[in-house]
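Written out below as structure tokens is the structure these notes cover.
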Amino acid sequence: MPPPLEEWKALLDVAITTECFVRKHGLWQGAEVELSKRLDHGIASPKVLQLREQLPAFVRNESLKAKPDEHLLGSSEIIESVLGKLKRLEQSQAKSGFTGLVLSVAAVVAETTQEVVRKAMATVPTKKVLEWIREHLGQSVQAKRKIAFSNTKHAEQIWDQLFDEL
């Protein structure tokens, strides 16, 4: 049996390795095999062996949720980061609302160069983007609020009509 601090370090290494692996690589069918290769097999106390079995088993069970050839996110950090970037973008585009900015997600997460931006703007004019937003996304909540509260005399009726559409 290893000294308590060595055992504690080994337990911590297994837990941290698993967490980092899932955060970086996500989940897919067979992910537990790759994870197991990365786990340190030096210390073999009962507690360490148990954790070395349980964590890959947990990863296997979660990975079964993925379809063949599909990778699932192992953390919500990526989604939170993208939403944070969209919120910052929204602040500089306050009048246009958040709904239409959903189209900018690809630009937010991709590596963009002047050439990529030039090609995109030449390929898809702003008018086409605005038409697509109107057709597929409809009015933003902000636009609906503006309509609802623009005439306080009929605001309650308009408000009810707008939310009946939702």
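Listed values, structure above:
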read-out: Packing-based order for 108-119, 78-89, using average beta carbon neighbours within 10 Å, highest first; value: 78-89, 108-119
read-out: Entries in 24/144; 87/128; 37/87; 37/65 that, when Cα-Cα distance is taken, lie over 28 Å; value: 24/144; 37/87
read-out: In nm, spacing of pseudo-spin labels at residue 61 and residue 37 (7 Å Cα→C-beta vector); value: 2.5
read-out: The range 14-83: radius of gyration and largest Cα-Cα distance (Dmax), Å; value: 13.0, 43
read-out: ³J(HN,Hα), Karplus 6.51/-1.76/1.60, whole Hz, each residue of the range 8-16, x for Gly, Pro; value: 4, 4, 5, 4, 5, 4, 5, 5, 5
read-out: Per residue, the convex hull volume that the Cα atoms of the chain enclose (Å³); value: 221
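Every number in this text was worked out from the coordinates using simple rules, so none of it is lab data. Here the structure is a predicted model, which is why all the values come from computation and not from measurement. Please note: Cβ atoms are built from the backbone with ideal geometry, for glycine as well, and neighbour counts cover all protein chains shown.
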